[in-house]
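Chemist: Here it is, the structure, as structure tokens.
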Amino acid sequence: MTGSAPASPAAEEERHLIDRARRGDMAAFDQLVRRYERTVYNTAYRLCGSYDDASDMAQEAFVRAWNNLKSFRGDSAFSTWMHRIVTNVFLDDRKRRRSRPTRSLDEVIDLDESSVQRQFEDPTPGPSEKAEGDERRQILEKAILTLPEAQRAVIVLYHMQGLAYEEIAEITRLPMGTVKSRLNRARLALRDRLGALAELFDVYESPTA
Amino acid sequence: MEEKAVDEKRWRELASEYIENALPAETAAAVRAYLETHPQARAEEAQLRGLMRDMNALPEVDPPLFFADNVMAAIQGQQERRRSWWQSLPGIGRTAVGTVLAGGALAAVAWTLLVPRGPSDPVQQADIRPRVPGAAVAPETAAGPARLGVTWSLRAVPDGEPALDVKLVLENADRGSARIALPGDTNLYRFMLQRGAAQTFVIPLSAARGAPTLEARIVWSADAATHTKQLFVPVPHTDAVPAARQSFGLRELPLPEAAREIAARYGQPVIVEDAPETATVAIVARDETAQATLSRNLEGMGLDVSAGAGGLVVSPKSLAVPR
């Protein structure tokens, strides 16, 4: 590999694990699963919003990875490849659910001001900062789940998995410009949906004077 | 080149890049000028910054206990089924299959050589998915849709609390999952299911909390379909054995509650499968057995009532399996 930096020991070790797993070494794949279970599970969870569905999706992703290891050539990071698989598992699952009657997305979140009022009309002494933060987090989590799947995916990959635009472009097989504009639209959609509740979030000072 | 003036539409297109300091200097200056003279847009910017900060701070969640073990168990099971299928073929069968595969491979090679193609995307092959999720390669013929067999037995524990051992066995599917909710228990019990392998969970008698039945609600999935089973198992007691034929009337109740009543009155377990839980029914028994009572009262609801080894099973007519 002319001109490229030598791989780190950790990267080399992972490459050996992948090579062994490709030859059918399940112990090697077991190490890969344990290395990536948290990140794959969290991606699945943030995409679908359900602990149980996330468990099924994440398991399906690893099984698919095992079945298709021979096609992984190392052009991208193994983590990138796993993110792509679990995202595809999620999108496949949504396609299947759309062909069956499902509960309305309106059930996922109720963002009208009256529902918010119920949360704050608590006769006990005012909520602690932690409780306010928890409620805000729950509102945000639910709002993310109301986004269209394609927007939700880029939000999860960027904000929750901390991936770069380039990685997201590789995972979604979209041009980077499309990833950026989709992420922008997703953020604006969240802001618009939460707009009525914006006052309940802290006012984040704009650096614009 | 002078940046064109920013309006609301342009501000929204550039919002993320502005906040991430990714705009060229002139464009950023134009956006800043717009924000300085448009308070609503400035408020929107502040809210976007807050949202982005909050999203970055959303906590990670822990995967379930034994998640990695379950993954490897699923893969192990898949490998064993593939080996078992291959070994189950007689020698001539293996030769025949091998010949077909070899012939197919030759044909594939010839196709590749003869037919020009565009550049292949190796990463795309990660999208390869089995035709039936979780299905083994083995060409076994499915004996119908996936089913979850449920059996139970009452365990009397010396100096301990009696309990109901409930066993789940997945049939006609390679793998699935089950989530079990018990009344009054905030925990949700989760199991991974594999074909033919029993999973057991225990319901202590105290879970009845004075109610006449022990209950569990099982949501299980296999082959991309989700089903429900609700168990109503009468709590054993020392009173007289309930009469096999009874006469009574119940007000209109949701179907699960009606099933609970029947189980309690007749001392006979009832399972409700995939039936609409919001449906209501008024039960009237006219010197009838439990099965006859349920059959007659549920007749117009598209539900079938059958007698199984574990008790009565109420299910949609399309799911009814001859027993």
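Chemist: Is it fair to say B:V61 is part of a loop (DSSP other than H, G, I, E, B) and either away from every other protein chain (no Cβ under 12 Å) or modelled with pLDDT of 90 or more (or both)? Working first, answer last.
Modeler: Working: part of a loop (DSSP other than H, G, I, E, B): yes; either away from every other protein chain (no Cβ under 12 Å) or modelled with pLDDT of 90 or more (or both): yes.
Yes, satisfied.
Chemist: Let me ask something additional. Does at least one position in region A:141-158 carry a residue that is without any contact (Cβ under 8 Å) to a residue 24 or more places away in the chain, within 11 Å of another protein chain (Cβ to nearest Cβ) and surrounded by fewer than 20 Cβ atoms within 10 Å (Cβ to Cβ)?
Modeler: no
Chemist: Now, a different point. Under the condition of being part of a loop (DSSP other than H, G, I, E, B) and open to solvent by less than 60 Å² (accessible area, probe 1.4 Å), which residue from region A:163-175 is modelled with the highest pLDDT? If you could, list the steps in order and put the result at the bottom.
Modeler: Quick first cut of region A:163-175, residues part of a loop (DSSP other than H, G, I, E, B) only: A:163-164, A:173-175.
Restricting the remaining residues to those that are open to solvent by less than 60 Å² (accessible area, probe 1.4 Å) gives A:163-164, A:174.
On the way: A:L163: 89, A:A164: 87, A:L174: 94.
Selected residue: A:L174.
Chemist: Oh, and also: Residues to consider are B:T280, B:T293; find the one that is farther than 24 Å from B:A146 by Cβ, in contact with a Pro (Cβ under 8 Å, 6 or more places away or on another chain) and not hydrophobic (A, V, I, L, M, F, W, C). It would help to see each step written out before you state the result.
Modeler: On the way: B:T293 fails: in contact with a Pro (Cβ under 8 Å, 6 or more places away or on another chain).
Matching residue, one of B:T280, B:T293: B:T280.
Chemist: Anything in region B:1-28 that is at pLDDT below 95 and of a type in the set (A, V, I, L, M, F, W, C)? List them, or say none.
Modeler: Selection gives B:M1, B:A5, B:V6, B:I19, B:A22, B:L23, B:A25, B:A28.
Chemist: Restricting the search to region A:54-88, which residues are within 19 Å of A:I168 (Cβ to Cβ), of a type in the set (G, A, S), more than 8 Å from every other protein chain (Cβ to nearest Cβ) and surrounded by fewer than 21 Cβ atoms within 10 Å (Cβ to Cβ)?
Modeler: Result: A:A77, A:S79.
Chemist: Quick check on my filter: what residues within region B:268-283 are of a type in the set (A, V, I, L, M) and either more than 11 Å from B:Q246 (Cβ to Cβ) or in contact (Cβ under 8 Å) with a residue 60 or more places away in the chain (or both)?
Modeler: Residues of region B:268-283 that are of a type in the set (A, V, I, L, M), as a first pass: B:270-272, B:275, B:279, B:281-283.
Within region B:268-283, B:V270, B:I271, B:V272, B:A275, B:A279, B:V281, B:A282 qualify.
Chemist: Quickly run through region B:274-289 and pick out the residues that are acidic (D, E), modelled with pLDDT of 85 or more and under 34 Å from the mean Cα position of the chain (by Cα). Before the answer, list the steps.
Modeler: Pass one, region B:274-289, residues acidic (D, E): B:274, B:277, B:287-288.
With modelled with pLDDT of 85 or more added as a condition, the list becomes B:274, B:287-288.
Passing the criteria: only B:D274.
The values are calculated or read from the model by the stated rules, or taken from the named source; none is laboratory data. These numbers come from a predicted model, not from an experiment. Cβ: placed from backbone, ideal geometry, glycine included. Neighbour counts: every protein chain shown. When the accessible area is computed, the model is the full protein with side chains, heavy atoms only, and any ligands, DNA or RNA have been set aside. Shrake-Rupley method; radii C 1.70, N 1.55, O 1.52, S 1.80 Å.
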